[in-house]
Amino acid sequence: MSEQSSGAGRIRGTGSRRRKPPRGRRVKRIALWGAAALVVVGGSGLGYAYFTLNGNLKGVDIDAALGAERPDDVDNGSQDILVLGSDSRSGANAKYGVDEGSARADTAMVVHVDEGHTSASVVSVPRDTLVDRPACTSDTTGEQVGAEREAMFNTAYAVGGPACAVKTVEAMSGIRMDHYLEVDFTGFRKLIDELGGVKITTSQAIDDPNSHLALKAGTHTLSGEQSLGLVRTRESVGDGSDLGRIQLQQAFVKALMDQAKSVGVFSNPQKLFGLADAATKAVTTDSGLASVKKLTSFANGLKGLGSKNVDMVTLPVEYDRNDPNRVLPQEKAGRQVWAALKQDEPIPASATANSAGDKGGAGEVVG
C-alpha cells in the first residue's frame, strides 16, 4: 500500500472447532492479507476463545446495500472474493500519514477459487485504473453516490465504502462477488508479527524513503512493519509505478502463503490463539463471513490450495496518453480475463501478454 495513495495514486461448511484448521490456505484476498486470516481463524477449541474471536469480527451487509441489481449468483461451487487493502490513516493508522477524512482501496484483488477448490486465479486491479464507476448507495452513510465516467478505481471505496467498491468491480467484470475482505495498515502489520514474520529473498537492494523500507539484496524475515513497507514500496523498485508495486505485492502474497503453511502453530494453543486473535481483528468482511464459524467453514473448503496452485495476474491495462499517472483497461484483453473466471478456466497467457501491468519491472525483485 502506498504512502501517497490519497493523491495520485486503497470465504462455507460447518466444521467443528476441534477440527484441524487449514494449514496455510491463504487465498483471500487469498490474495493478500485476508488469506492468512482465514488460515488461522478456524481452530480455537474453547468457548471463551470462540466468543472472543467472534467479537473481533466486523461485517458489512453488502447484499442489503446493493439490492437485486447485480450479476447472477452462479452456484457451481466456485467462489469470487474481492479483497481490498485500505489506506485509512484514522486511529491507529495515523502514523502512516495525515487523516484526510476518507480512505481509498489502495490494493485490490479479485480472487476466483475454482469449482473443485484446487486452484485459484487472482486479478490485481491497479488503483489508478480509470473506470466508469456506477451509481451506488454508500453502506456507511446510506447516501446515494452518483455515477462517474473515467473515475479512478480506488475512489469507489472513498465515496461509498465497500458496497460501492464491490459494485464497481461487478460492473467491470460482470461477475458477482460472493464475498468481501478488507484489511488496513495496522491490522496487516500485527498479523504478520503474530505469524513471526515472512521470509523473502530480494535480488537487489530496496531503499524507499516513502515506505520507510531499507533492505540489502539477500534473504530476510520481514517484520510486520517491514512487510507493510514492502507492499507499499514503488518508487525505488522497477519503473517506480504502481504496476511495479503490484508485482511486489503478488510476490509477497505467495511468500505469505508459504510462511503460513510452515509455522507449525497448531500444536501450540497459545500461539494459535494469538494468530487467530490478530487475524479476526485485522479483517472486515461481508456479513456472510462475519463469524468464526462461517470463516472456518470457508477456509476448510480451501485446504488444498497453496502458492503453486495460485495464478496471479494484473488486469490488462495501458497507460493513459493524457496522463501517464493513470492507466486504462485494455477492453478486449480484459474481457478474456473476466470470461476465464466466469467459465472457471485458467486465465490465458495471451490476455496479459501486451499489458503494461506485466512491464512494471519489479517482477523478479522478490522471490
For ASP193 and GLN343 in one chain, what is 0.36 nm times their gap in residues minus the Cα-Cα distance, to one decimal in nm? 50.2 nm
Find, among the GluC sites (Glu not before Pro) in the stretch 118-171, those assigned to loop by DSSP (not H, G, I, E, B) with at most 15 other beta-carbon atoms within 10 angstrom. GLU143
So if we plug the beta-carbon distance of THR219 and ASP311 into 1/(1 + (r/R0)^6) with R0 = 25 Å, what FRET efficiency do we get, rounded to 0.05? 0.50
Which FRET efficiency value, to the nearest 0.05, is calculated for ASP72 and ASN322 with the Förster distance at 25 angstrom and r the Cβ-Cβ distance? 0.10
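Every number in this text was worked out from the coordinates using simple rules, so none of it is lab data. Since we're looking at a predicted model, the values are computed, not measured. We place every Cβ from the backbone using ideal geometry, glycine too, and count neighbours over all the protein chains shown.
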